[in-house]
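S.K.: What follows is a single structure, and I will ask about it in a moment.
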Amino acid sequence: MRRLVLDVLLMAGATGCSRLLGLVRDATIADRFGTSGAYDAFLIAFFVPHFLRQLLAEGALSTAFVPLYTGQRIAGNDADRFASALLTWLVVLFALVVGFGVAFAPMYVPFLASGFSSEKLSLAIALTRVVFPFIALVGFSAVFMGILNSHRRFFVASLAPVWFNVGMILGVLVLVPRFPQQPALGLAIGVLIGGGGQLLFQLPALHRVGFRFRPVLWPVHPEIRRLVRLMMPALLTLAVTQVNLLVDNKLASHLGDGGIASLQYGMRLFQLPLGVFAVSVATALLPRFSEAWARKDAERFSAYLSEGVALGALVLLPAMVGLFVIGADVVRLLFEHGSFTPSDTARATRVLSFYLIGLFPYGLIYIFSRAAYALKRTRLPLLAAVVGVGINIMFDLVLVSVMQEAGLALATAVAGIVNASLLGLFLLPRPNVPIRQLGLVSIGCGLLFGVTWAIRRLVGQSPCAVAVFAPLVAGVTFYVVYVRCTPLWLFIGRLRGH
């Protein structure tokens, strides 16, 4: 149980490469589509495969699989036979899921986008049928990722999504021009190319850790039954959580062209620090949580949980402060070209500013939910998610008429605060709350805001690149020095031994 910081840094580096390439992808899409109705239609088409990806692949499946696979390895059982059995059954499951998804698209897409015109709706249905096989590609990829994470091979699994971004960029640059009548079709095909690349990239690493696929369909492996039992609450939790996005998109579809796209652009920047740091911390902690609990080491488990909270605050709170100060400049630098106009920048920036209120709470949700799944307390995240969704829908309905898509973003942030608070109340023992570290981080973030705000005022009407990078470099430099000169550096030093 060593090298927590190193594992997090490796994953953060790999995920950072993926997220930066994701920004290139989004900038490419913004240049070609802006906040057009065609991009709104694509986002609705991609919603259900992405929804199922969270449920059946990178969410519930991966989270429930890692503790069971790790437990099999620690017990000296044939863990690879369990993984092979799971992959065999997924071939059958995903064939059915993709078939139903393609066949019934005309029935569920109109419900998701009730505010679309008939033309936009027809485009969304056509695109849905193209992108739906993505769920199968990413489902198998998620199992491969779980195997590698259990073997503490985090880097390759974290780097694999780079190829998803590559596929979508190729779709925009190469395929979109080939479909002048329906350019969004090129983007949809790019999704499939990216999903295939993400899957194939992990195969050499799987071979190196010794995994060999051996089809096992019958009799059903006993761990498959345990996996299904563990997944059910997780499936419900994620399904409930995705209701937030469903409701947001449905309401945004009534705001005219660009409502859904504005949410998407703001969400992309909001998810950048979450994907790079929060997911990396939570992914590195999951096998550690599982091992500690399998060895009945409750003290070590609590220590990991406390350190995860402190480490999440250490990186997410300053990221929140920085994006508050230079968010508009970042949106302008990345997206405001081609079809993306200054008014689009204003909409996306406003959405981002309200999303950021929930940045740290959503980071905590990642960590707390992994801890709950390792403890086999899978109902707790479900209950917290149900309450969060109720809060989200209530605020959505109240705020959308007054604040438009920005109100939907604020509702999402409030729901995240409620969800994280409930999980922390039941999971994090009071003696283990890292009050000292949280206090030091809060002081540092207050000073960081002053530094970045002053530098941003100093550069004034400079070009976008200067307006972004001058405060960014000054802020990162100040924060690193602050951490080095406070007890936070000793805290980081202690993590190096975990």
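The values are calculated or read from the model by the stated rules, or taken from the named source; none is laboratory data. The model shown is predicted, which means the values in this text are computed figures rather than measured ones. No Cβ is skipped: glycine too gets one built from the backbone with ideal geometry, and neighbour counts run over all protein chains shown.
S.K.: May I ask you to list the residues in segment 191-225 that are of a type in the set (Gly, Ala, Ser) and either surrounded by 12 or more Cβ atoms within 10 Å (Cβ to Cβ) or part of a helix (DSSP H, G or I) (or both)?
M.R.: Gly194, Gly195, Gly196, Gly197, Ala205
S.K.: Modelled with pLDDT under 90, within 17 Å of the chain's Cα centre (by Cα) and assigned to a helix (DSSP H, G or I) - does that describe any residue in segment 315-331?
M.R.: Yes: segment 315-331 contains one or more residues that are modelled with pLDDT under 90, within 17 Å of the chain's Cα centre (by Cα) and assigned to a helix (DSSP H, G or I).
S.K.: Pick out the one residue from Ala420, Ala406, Ala415, Ala411 that is crowded, with 20+ Cβ neighbours inside 10 Å and touching a Lys or Arg at 6+ places or on another chain (Cβ under 9 Å).
M.R.: Selected residue: Ala406, the only one of Ala420, Ala406, Ala415, Ala411 that is crowded, with 20+ Cβ neighbours inside 10 Å and touching a Lys or Arg at 6+ places or on another chain (Cβ under 9 Å).
Conditions tested, residue by residue: (1) at pLDDT 70 or above; (2) more than 18 Å from the chain's Cα centre (by Cα); (3) among the charged types (D, E, K, R).
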| site | (1), (2), (3) |
| --- | --- |
| Leu4 | no, yes, no |
| Cys17 | yes, no, no |
| Leu20 | yes, no, no |
| Ile29 | yes, yes, no |
| Pro49 | yes, no, no |
| Leu56 | no, no, no |
| Val102 | yes, yes, no |
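S.K.: A further question on this structure: When you go through (1) surrounded by fewer than 24 Cβ atoms within 10 Å (Cβ to Cβ); (2) touching a residue at least 24 places away in the same chain (Cβ under 8 Å); (3) within 18 Å of Gly22 (Cα to Cα) one by one for Met168, which number turns out not to apply?
M.R.: (1)
S.K.: Any residue at all in segment 434-450 that's buried (at least 20 other Cβ atoms within 10 Å of the Cβ) and at pLDDT below 90?
M.R.: Yes: one or more hits.
S.K.: Which condition from (1) touching an Asp or Glu at 6+ places or on another chain (Cβ under 6 Å); (2) outside any helix (DSSP H, G or I) is the one that Ser462 breaks?
M.R.: Exception for Ser462: condition (1).
S.K.: Pairs needed: first member in segment 96-117, over 21 Å from Asn249 (Cα atoms); second member anywhere, modelled with pLDDT under 85 and surrounded by 19 or more Cβ atoms within 10 Å (Cβ to Cβ); C-beta distance under 7 Å; at least 6 residues apart or different chains.
M.R.: Short answer, once both residue conditions are applied: Val97/Leu52.
S.K.: Also, quick follow-up: Of all helices (runs of 4 or more DSSP H) completely enclosed by segment 110-190, which ones contain at least 2 residues that are touching a Leu at 6+ places or on another chain (Cβ under 6 Å)?
M.R.: 134-150, 154-159, 162-170
S.K.: How many of the residues in segment 370-396 are among the hydrophobic types (A, V, I, L, M, F, W, C) and within 20 Å of Leu356 (Cα to Cα)?
M.R.: Counting residues in segment 370-396 that are among the hydrophobic types (A, V, I, L, M, F, W, C) and within 20 Å of Leu356 (Cα to Cα) gives 6.
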